[in-house]
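Colleague: Here it is: the structure, laid out below.
The values are calculated or read from the model by the stated rules, or taken from the named source; none is laboratory data. Computed from a prediction, not measured in an experiment: that's the story for all the values here. Positions of Cβ are backbone-derived with ideal geometry, glycine not excepted, and every protein chain shown enters the neighbour counts.
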Amino acid sequence: MSDAGLGGRPLLDPFGATLVEDYERLYVEFGIQPLKPLLPKIPNPSAAMRRGVIFGHRDFERIIEAMRSGEEFAVMSGIKPTGEFHLGTLMTVREIIYFQQQGATAFYCIADIEAYEDNGIPFEESEKIAINNVADILALGFDPKRGYIYRQSKEERVKNLAIIFSRGATLATMRAIYGERHMGLYLSALIQAGDILMPQLEDFGGPKPTVVPVGVDQDPHIRFTRDLADRFHSRFKFIPPSSTYHKLIRALDGGYKMSKRDPMSYFTLDEEPSVIAKKIFYAFTGGQPTAEEQRKLGGNPDICPIFDLYLFHFFEDDKDVIELYNDCKCGNILCGEDKARLTRIVTEFVKEHQRKKCQYIDKAREILGVE
Ligand code: SF4
């Protein structure tokens, strides 16, 4: 298995930039399995699964079996509290909520240790961000009565597991998976393994199938944790975690890097709709330089962030996605009118989300035990 990417860093790098042009490569080089052949067996596949946005998995058959049989299972994922929710984090939260709605007990981790180790954000600051993020997930539909929301830094069980797991990993293993990194990032990887396997502790009902829906850049954590689940099986009886992988959404400038240094490359769910509208207006497209050429030659939705926004988040009906793809290719639609329609849909969504979210701030404080 090759893990080498450019510049000695792993190709799939949870602590750095991951750029995957060819997802097929991941099947061959990393043993990620394609999700498509499983689609007919999934009782109620999500839009992201049907559209190929979630394209790969490890051991997902185990979760399908649980969904079909009514066996207990868990979904576990988390987000670093580094700022307001954007389009990438929205994807992960929607996946957690989807599995919760399919019957899973949901674990949402506020990865504040990783936010410190990877981004240097102190806990006092990440606590404020976490309140805001938790209000987001509640507004998006996360049901706290059938879920567990926690901060890594406050969860003793996660930290204890990380200490136990540290005996199962050598420096050479960490280097091979994550590249040459400071010790804090290796520690944070052990903490994440604790997050992923905590739902299987006796406190939460013991071993159970657990799915971790993540962006494909997080696969090293999954591989590492599956290995630890095997190593510590005799003690904990862990079932190796399953995973699903989503593609990474394009930034508004057409690249894959939504960067805080370039606020025009993304928008957050907290932004003023008028600001978001401006960002969409200036976004890169796969269109032609002139309307005349667009009508004659058609556009290229495969490189277009506007198309990605519809595909990932803002068209509910698959038929609308297919229609836009074909209309774009055939030159039946111009980028200006397409952006105007998207702006209307996004504005409505964001306004409604912000209205709901206001009502959940107190609840978020209560869940996090913050005065
Ligand atoms: S018509 Fe829409 S999908 Fe096609 S290139 Fe223009 S903005 Fe992108």
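Colleague: Scanning for something near the ligand (Cβ under 10 Å from one of its atoms), touching an Asp or Glu at 6+ places or on another chain (Cβ under 8 Å), of a type in the set (A, V, I, L, M, F, W, C) and farther than 30 Å from ILE149 by Cα, does the range 334-356 turn up at least one residue?
Modeller: Scanning the range 334-356, I find no residue that is near the ligand (Cβ under 10 Å from one of its atoms), touching an Asp or Glu at 6+ places or on another chain (Cβ under 8 Å), of a type in the set (A, V, I, L, M, F, W, C) and farther than 30 Å from ILE149 by Cα, so the answer is no.
Colleague: Is there any pair linking a residue in the range 316-330 that is under 19 Å from GLY287 (Cα atoms) to one that is more than 8 Å from the ligand (Cβ to nearest atom) and assigned to a helix (DSSP H, G or I), with Cβ under 8 Å and at least six apart or on different chains, and which?
Modeller: VAL321/LEU311
Colleague: For the range 282-294: of the residues being within 11 Å of the ligand (Cβ to nearest atom) and not small (Gly, Ala, Ser), which is farthest from LEU87 (Cα to Cα)?
Modeller: Among them, the one singled out is GLN294.
Colleague: Return the residue satisfying two criteria in turn: it lies in the range 300-316 and is among the aromatic types (Phe, Trp, Tyr) and more than 9 Å from the ligand (Cβ to nearest atom), and of such residues it is surrounded by the fewest Cβ atoms within 10 Å (Cβ to Cβ).
Modeller: The extreme case among them is PHE314.
Colleague: Could you list all residues from the range 206-242 that are charged (D, E, K, R) and not in a helix (DSSP H, G or I)?
Modeller: Correct list: LYS208, LYS237.
Conditions tested, residue by residue: (1) of a type in the set (Ser, Thr, Tyr); (2) in contact with a Gly (Cβ under 7 Å, 6 or more places away or on another chain).
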site: ASP230; (1), (2): no, no
site: PHE238; (1), (2): no, no
site: THR244; (1), (2): yes, no
site: GLY254; (1), (2): no, no
site: MET258; (1), (2): no, yes
site: LEU269; (1), (2): no, no
site: ALA277; (1), (2): no, no
site: PRO289; (1), (2): no, no
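Colleague: Among ALA139, ALA104, which is the only one that is modelled with pLDDT of 95 or more, surrounded by fewer than 24 Cβ atoms within 10 Å (Cβ to Cβ) and of a type in the set (Gly, Ala, Ser)?
Modeller: None of the others qualify; the one that does is ALA139.
Colleague: Filter the range 258-299 down to the residues that are among the β-branched types (Val, Ile, Thr) and out of contact with any His (no Cβ under 7 Å at 6 or more places or on another chain), then identify the one that is surrounded by the most Cβ atoms within 10 Å (Cβ to Cβ).
Modeller: Per the stated criteria, the residue is THR285.
Colleague: If PHE238 meets every condition in (1) surrounded by fewer than 19 Cβ atoms within 10 Å (Cβ to Cβ); (2) more than 10 Å from the ligand (Cβ to nearest atom) apart from one, which number is that one?
Modeller: It fails just one condition, (1).
Colleague: Checking the conditions here, which among SER46, SER69 is surrounded by fewer than 19 Cβ atoms within 10 Å (Cβ to Cβ), modelled with pLDDT of 95 or more and of a type in the set (Ser, Thr, Tyr)?
Modeller: Exactly one residue qualifies, and that residue is SER69.
Colleague: Tell me the helices (runs of 4 or more DSSP H) entirely within the range 106-182 that contain at least 1 residues that are within 18 Å of the chain's Cα centre (by Cα) and under 17 Å from GLN218 (Cβ atoms).
Modeller: Once the helices (runs of 4 or more DSSP H) in the range 106-182 are filtered for at least 1 residues that are within 18 Å of the chain's Cα centre (by Cα) and under 17 Å from GLN218 (Cβ atoms), what remains is 112-119.
Colleague: For the range 215-254, name all the residues that are without any contact (Cβ under 8 Å) to a residue 40 or more places away in the chain and either in contact with a strand residue (DSSP E or B) (Cβ under 9 Å, 6 or more places away or on another chain) or among the aliphatic types (A, V, I, L, M) (or both).
Modeller: Selection gives THR225, ALA229.
Colleague: Check off (1) modelled with pLDDT under 95; (2) part of a loop (DSSP other than H, G, I, E, B) for TYR27 and give me the number that stays unchecked.
Modeller: The one condition TYR27 does not meet is (2).
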